[in-house]
């Protein structure tokens, strides 16, 4: 089965520090974005490489995410272990943010392996569209939250 790749970009009219503060609040993404049922930290570590969280997805399913790379203020990457109710078996996400004039340029990339063999090849494009819409919503919600906090 071929891995799938999604890339979403957004220019935000808020400073990089404001955006990073929200994403760096790793256990609490659901507090800033309504696209998830809930998020909860796992263990004592809440940021940096090794931090983990449980993500409860809408409408069903969950994932355990572990930070595998972290450049403070610039980049975060996670390895995601989905539950069996999620239509893919493994995934990795990378968020890059950088200054863009007085605002922020954010890029979110997601690579995943669909479940289901031949059926996964058929459902992959549908999953891509759903995930792309979700990730666009996430970046928009983070921008809105950063404006409210700023």
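Every read-out reported here was derived from the displayed coordinates using simple, explicitly stated rules and does not represent laboratory data. Treat the numbers as computed from the prediction; the structure is a model and nothing was measured. Positions of Cβ are generated from backbone atoms using ideal geometry, with glycine treated the same way; all protein chains shown enter the neighbour counts.
So if we plug the beta-carbon distance of residue 105 and residue 81 into 1/(1 + (r/R0)^6) with R0 = 30 Å, what FRET efficiency do we get, rounded to 0.05?
Details: r = 29 Å, r/R0 = 0.97.
With a Förster radius of 30 Å, E is 0.55.
Can you give the FRET efficiency for residue 132 and residue 71, using 1/(1 + (r/R0)^6), R0 = 25 Å, r = Cβ-Cβ distance, to the nearest 0.05? Walk me through the numbers before you get to the answer.
Working: r = 25 Å, r/R0 = 0.99.
Efficiency, rounded to the nearest 0.05: 0.50.
Using Cα atoms only, what is the angle between the long axis of helix 118-149 and the major principal axis of the chain, expressed in degrees (0 to 90) to the nearest 10?
20
Please compute the contact order of the chain in relative form: average sequence separation of alpha-carbon pairs under 8 Å and at least six residues apart, divided by the residue count, as a percent. The partial results should precede the final answer.
Numbers: 318 pairs, mean separation 44.7, N = 150.
Dividing the mean separation by the residue count of the chain yields 30 percent.
Taking 10 °C and 1.306 mPa s as the conditions, I'd like the Stokes-Einstein D for region 1-72 in µm²/s, using the Kirkwood hydrodynamic radius from alpha carbon pairs. Intermediate results must be reported in sequence, preceding the final value.
On the way: Rh = 13.7 Å.
Answer, rounded: 116 µm²/s.
In whole angstrom, note down how far apart the Cα centers of region 5-21 and region 49-66 are.
21
Take every Cα-Cα pair in region 4-149 and report what % of them are more than 19 Å apart.
Numbers: 5362 of 10585 pairs.
The share of Cα pairs beyond 19 Å in region 4-149 comes to 51 percent.
Once you place label points 7 Å from the Cα toward the Cβ at residue 3 and residue 98, how far apart are they in nm?
2.2
Taking the number of other C-beta atoms within 10 Å as the exposure measure, put 5, 32, 96 in order starting with the fewest.
On the way: 5 10, 32 21, 96 15.
Neighbour counts put them in this order, fewest first: 5, 96, 32.
Can you give the extra length, in nm with one decimal, that the chain gains between residue 45 and residue 13 once fully stretched, where that is 0.36 nm per residue apart less the Cα-Cα distance? Numbers along the way, then the final one.
Details: separation 32, 0.36 × 32 = 11.52 nm, distance 3.06 nm.
Stretched out fully, the residue 45 to residue 13 stretch lengthens by 8.5 nm.
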